[in-house]
Each structure stands twice: as C-alpha cells, then as structure tokens.
1. Would you confirm, using the coordinates I've provided, whether L128 is crowded, with 24+ Cβ neighbours inside 10 Å and closer than 21 Å to A148 by Cβ?
2. Of everything in segment 364-391 that's farther than 22 Å from W236 by Cα and without any contact (Cβ under 8 Å) to a residue 12 or more places away in the chain, which residue is surrounded by the fewest Cβ atoms within 10 Å (Cβ to Cβ)?
3. Could you grab the pairs with beta carbons closer than 7 Å, sequence gap of 6+ or different chains, first residue in segment 59-84 and within 20 Å of V182 (Cα to Cα) and of a type in the set (A, V, I, L, M), second one at pLDDT below 95 and open to solvent by 20 Å² or more (accessible area, probe 1.4 Å)?
4. Mind listing whichever residues of segment 1-13 are closer than 22 Å to E211 by Cα and surrounded by fewer than 24 Cβ atoms within 10 Å (Cβ to Cβ)?
5. Does any residue of segment 110-129 turn out to be assigned to a strand (DSSP E or B) and either basic (K, R) or over 15 Å from T278 (Cα atoms) (or both)?
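The values are calculated or read from the model by the stated rules, or taken from the named source; none is laboratory data. Given the structure is predicted, the values throughout are model-derived calculations rather than measurements. We place every Cβ from the backbone using ideal geometry, glycine too, and count neighbours over all the protein chains shown. Only protein heavy atoms, including side chains, enter the accessible area calculation; ligands, DNA and RNA are left aside. Shrake-Rupley method; radii C 1.70, N 1.55, O 1.52, S 1.80 Å.
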Amino acid sequence: MRTLPLSVGFMPLVDAAPLIIAHELGFAEEEGLALNLQSAPSWSTLRDRLVLGQIEAAHMLAPVPVAMALGLGGVPTQLDALCVLSVNGNSIGISNALASELSAKGALPDFMDADATGKALADLGRTLRVGVPFPFSMHAELLHYWLASSGLNAPEALDMRIIPPPLMAQAIADDEIDAFCVGEPWGSITVEQGGGRLLLAGAAIWQFTPEKVLAVRREWAQAEDDLTGRLMRAVWKAGRWLSDPSRRSTASDILAWPEYLDVSAEILERALSGQMLTRPRGQHTTVPRMLEFFEGAATFPWKSQAAWIGTRMATRFGLDRAHSAASAATVFRTDLYRRHLASVGAIMPAASEKREGALQTPTSTAADGGTLTLGPDRFFDGRIFDPALPD
C-alpha cells in the first residue's frame, strides 16, 4: 500500500503513546500514512516547529492552542486541537528537604488527598519554587487552581520555573526547585534516582484532566482535510488499543526504546497501570485512571474543557473571562472529530460541552447511536464549571 509521509513531533513522555503506537503497530499504515516521529527537547521547541511548518502535527499541551487563541505567548499562528491524546498523567513531587519538613509537622497526607496536601503547603507560609514544563500547560493551571483554593497566596507565593520534563529530576536533586508538576515518567524518575518523592497525583486535583492534544495548524487542517482525517483515525485506533490492560507490558517495551523515552519499561508501566511508587523502597499506591487514553470519551475534545482552560488563563493574565471562554472553545474541534471518526465507530456524545466537575460517579449520557458512560470528573474542592456561565 502506498503511504503518504507525515512529520509529527512529540515530547518524551508516556502520554505520547498514541502517536508511537500508531506508528509502530501499523495503525498509521492502515490509514495510508508513514509517520516520521520527531522528538523535541522542550515544549517551546515543539510548538515553534509546528508553527513554522517544520512538522505537520504535534503531541501538544492542551492549553497551548488555547493560549494562542487568546493572544498569549507572542505567537500569532492559530492552532487547533483535533482530539485529546491523553487524560491525566501528571504527578506533583517535592524535594527531600521539603518532604522532611512536612513530615516533621505530620503533614504528609495520602497521595490522593489534594485538600490536605494543599493546605499543608499553604501552611508553610513562604514562597515555593515550583518547576513546570511550560507556562501554558495543565501543570501550571492545576497548580494555580489547587494551591490558590487551598489558601496559598498564588501567584505571589509561587515562583514558577520552566524546566523541560527530562530535566525535572535533576533540577530538584540540585535544589533548583522545591517542587514540580510533571508528566510521567519524569516524576517516577525522581523517585528512582532518590532526588525527591511524589506528593500528589494530578488526577487528585481534577479527576479528568485533558492533558495532551493532537495539535495542527488550522490552515493545514483546512488545506489537508483528507490527511487530517487519516491521522485522527490512526491515533484513535492506537488509543483504543492502549485501553486494553493486557497490552500495557507491550506498550511499555515499545515506549522504552531509545528513540522514544529511553527509560526502563518497568517504570513506564507504573504510569500505564496506575501503580505508583511515591518514595524509594516504599509501597505502590494505586491511582485510578492515572493515565487514560480512550475510556469515558477520553479522546473527545470537549469545548467545555477548553473553556475552563480559557477562564483560568483569563484569571491569571487579566483577560475577560467570557470572551476567553468563547475563544478557547473554538480550538477544540468537535466538528472535525465527529466528521472524521464516525467511520471507525467512535461513540459521539450528543453534546459538545458539559458541566465540568459535576460527575461524582460513572454516569450514562446521551450519545449518537446509543449511550456513553462518562467517568467521574470531580474537582478536589467540589466546584462545578458551567461553560454557559464562565463569569
């Protein structure tokens, strides 16, 4: 079969798995594509390669297309999120020194207790040096939301430092930062190397966080509608394959290859299985949906999720919340998702937005051609975001 070449960028993270699996297991080839996967050293490099047309698509932080739609970051190109590549997958880690300080106060709560953990950090009463991979990221948004809601005087008490994911473990070991929020496996690498410990799973802050998206330039998607559909279908099939727990070992082995993450497969499987090691020689902690690629409409680009990101950015950067929510919603392309994935049997929610944080338990919802079960999406503080009321 003749295949068409397509250059796609990624960062060496476990949540790049749908692109890597699409390439290695033939889902891209089934769609007539030959993916040229290119690893990037930082999120800014990856974004710039996409903007400059050096690659056609990218594994991207969900807030980046939103930030560009709001005129943040100084890059005028319009990016669109075709689908969500991964839900959750982040962990918050702290230095050994900070862990000792919290432990001395009896304030090292459970790995899934965002309320108690946030209050323990707020009670320190000082500025925290926190590493995040990029200023426009769910890492930054989750930290600001969580710590401000916990009583920390954010952003004044947060000294955020931008550190590429593969360098995070070394940064905390070298005392450049007190804490971090990063995607796997780099939190686990910190534990493995003894430079710190994991404090909280990102999923404990928001149970269903849209972490990475498949991003393209809007003008490219308009000009290459057929290629856009082929790429979306290949990635969707890979996400479905990854949803089978029996395939985690195979997926971990592939992701561990030198050209991808170059990390022990055993460490990678922790993120895929949710069996997290929070400290050296400690017990594994089970994190429900530590990283999700498919179930519960994980791949659907909910406009309400984009609107939440837009309102959070508006709060941080002094923008109009209603306008930011509306602008953000335009970059999560539910229209392309519905059009290009109907042929592979993707279940489509009847609506393109929902009240974020309203689901406490698995819930059936209306869908085109049947029903769809959505998982819990609670925010740790019980708030609910209604996209119809962004203010």
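1. Criteria not met by L128.
2. Restricting to residues being farther than 22 Å from W236 by Cα and without any contact (Cβ under 8 Å) to a residue 12 or more places away in the chain, the top hit is A388.
3. Close Cβ pairs satisfying both conditions: A67/G73.
4. Answer for segment 1-13, where residues must be closer than 22 Å to E211 by Cα and surrounded by fewer than 24 Cβ atoms within 10 Å (Cβ to Cβ): S7, P12.
5. Checked segment 110-129: at least one residue is assigned to a strand (DSSP E or B) and either basic (K, R) or over 15 Å from T278 (Cα atoms) (or both).
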